[in-house]
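The structure appears below as structure tokens.
What follows draws every value from the coordinates through simple rules; no lab data is involved. Nothing here was measured: the structure is a model prediction, and the numbers come from that model. For neighbour counting, all protein chains shown are included, and Cβ atoms are generated from backbone atoms with ideal geometry for every residue, glycine included.
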Ligand code: OGA
Ligand code: MN
């Protein structure tokens, strides 16, 4: 099978054509894809229709899987059959069944974040496979954090080069309090983990700005006011849609991002429409 790889824009992302991911990849194809993932940071593969098991098998070409901590759910696919969702798959969805959400994140806007920045070893990547997509809204955008770092003035890069930021798990990327967490009222009480603001990619050695997410972030050892104003200054550089690929979903899309190299966000969408994504998460290592 021969594949072709086309950049999605001048900044990041590439579409890969010529793949049927229901079948195991050859070693050559797997390694070409993995290299393209590191190079382009986001890969799009369209027109796939994968079972959970096929998505899991495909995902393992990129590394070991992280078992999602937050969820173990069932949902009814279009066929009307109850489908058992294996623990490696997280359902990302606004759909409710019998009043209970079948997945995470609802229909609200998800602010810029990298996944699970609040754990010691944040995931190296995420893979979303679109099962049901609303007619409008719910786009997902990716921002190149190496370009973000490069855009900072030299003086600001110098200022942050020895600083670490503490990351808090209590709020989801839509800003809602997670089950079993207390609200954090004083960010200086954020217990971490702390990750350096400037990190080196463990595979490409590229340096990038590791912001994680804005809410409840705290730059260790600074006054809260100082930390807040420095974080606001840094986050300002994420504005303006520079360094961004924004994805408009179609059913069957499979998109894989390098969680060490990009931030992502998602637009809100009308809750009267269904959006169902199957997600796999790749285990990561401690940022340094
Ligand atoms: C996620 C996420 C975005 C989306 O699952 O981590 O940010 O488009 N999802 O649903
Ligand atoms: Mn996310």
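Stretched out straight at 0.36 nm per residue, the stretch from residue 30 to residue 181 would grow longer than its current Cα-Cα span by 50.4 nm.
GNM on the chain, alpha-carbon springs under 10 angstrom: the most fluctuating residue among 238, 185, 29 is 185. For the pair residue 156 and residue 268, the difference between a 0.36 nm per residue extended length and the Cα-Cα distance amounts to 37.1 nm.
Under a Gaussian network description of the chain, with springs only between Cα atoms under 10 Å, the residue in 114, 155, 229 that fluctuates furthest is 155. To the nearest 500 deg cm²/dmol, what mean residue ellipticity at 222 nm is calculated for the chain from DSSP H runs of n ≥ 4 alone, each contributing -39,500 (n - 2.57), summed and divided by the residues? It comes out at -5000 deg cm²/dmol, rounded to the nearest 500. Each of 266, 242 was scored by other Cβ atoms within 10 Å of its Cβ. Listed from fewest to most, they are 242, 266. Comparing 172, 31, 268 in a Gaussian network model of the chain (Cα springs below 10 Å), the most mobile by mean-square fluctuation is 31. Ignoring solvent entirely, what values of log10 I(q)/I(0) come out of the Debye formula for the range 115-253 at 0.13, 0.16, 0.17 Å⁻¹ when each Cα is a single scatterer? Taking Cα atoms of the range 115-253 as identical point scatterers yields -0.65, -0.96, -1.07. Sorting the segments 192-198, 22-28, 269-275 by their mean number of nearby beta carbons within 10 angstrom, highest to lowest, gives 192-198, 269-275, 22-28. Normalised by 2.2 N^0.38 Å, where N is the number of residues, the alpha-carbon radius of gyration of the chain equals 0.99. Rounded to the nearest 0.05, what FRET efficiency do residue 246 and residue 20 have when you use their Cβ-Cβ distance and R0 = 25 Å? Here the calculated transfer efficiency is 0.40. Among 208-220, 43-55, sorting by the average number of other beta carbon atoms lying within 10 angstrom of each residue, highest first, gives 208-220, 43-55. Between residue 191 and residue 232, the modelled labels are 2.9 nm apart [label points 7 Å from Cα along Cα→Cβ]. Test of understanding: extend the Cα→C-beta vector of residue 97 to 7 Å, then name every residue of the range 168-204 with backbone N under 20 Å from that spot. Answer for this model: none. I need the fraction of alpha carbon pairs in the range 240-284 separated by more than 17 Å, rounded to a whole percent. Of the Cα pairs, 47 percent sit more than 17 Å apart. For the chain, the share of DSSP beta bridges that are antiparallel, to the nearest 5, is 95%.
On full extension, the segment bounded by residue 223 and residue 51 gains 57.0 nm, given 0.36 nm per residue less the C-alpha separation.
For the chain, the longest principal axis of the C-alpha atoms and the axis of helix 224-236 are separated by about 50°.
Take every pair of alpha-carbon atoms less than 8 Å apart whose residues are at least six positions apart; their mean separation over the length of the chain yields a relative contact order of 32 percent. For the range 179-266, the Kirkwood estimate of hydrodynamic radius, built from reciprocal distances between every pair of different alpha carbons, is 15.5 Å. Each listed q (0.16, 0.17, 0.24 Å⁻¹) maps to a log10 I(q)/I(0) for the range 5-53 from the Debye sum over equal C-alpha point scatterers, namely -0.46, -0.52, -0.95. Helix 27-40 and the longest principal axis of the C-alpha atoms of the chain enclose an angle of approximately 40°.
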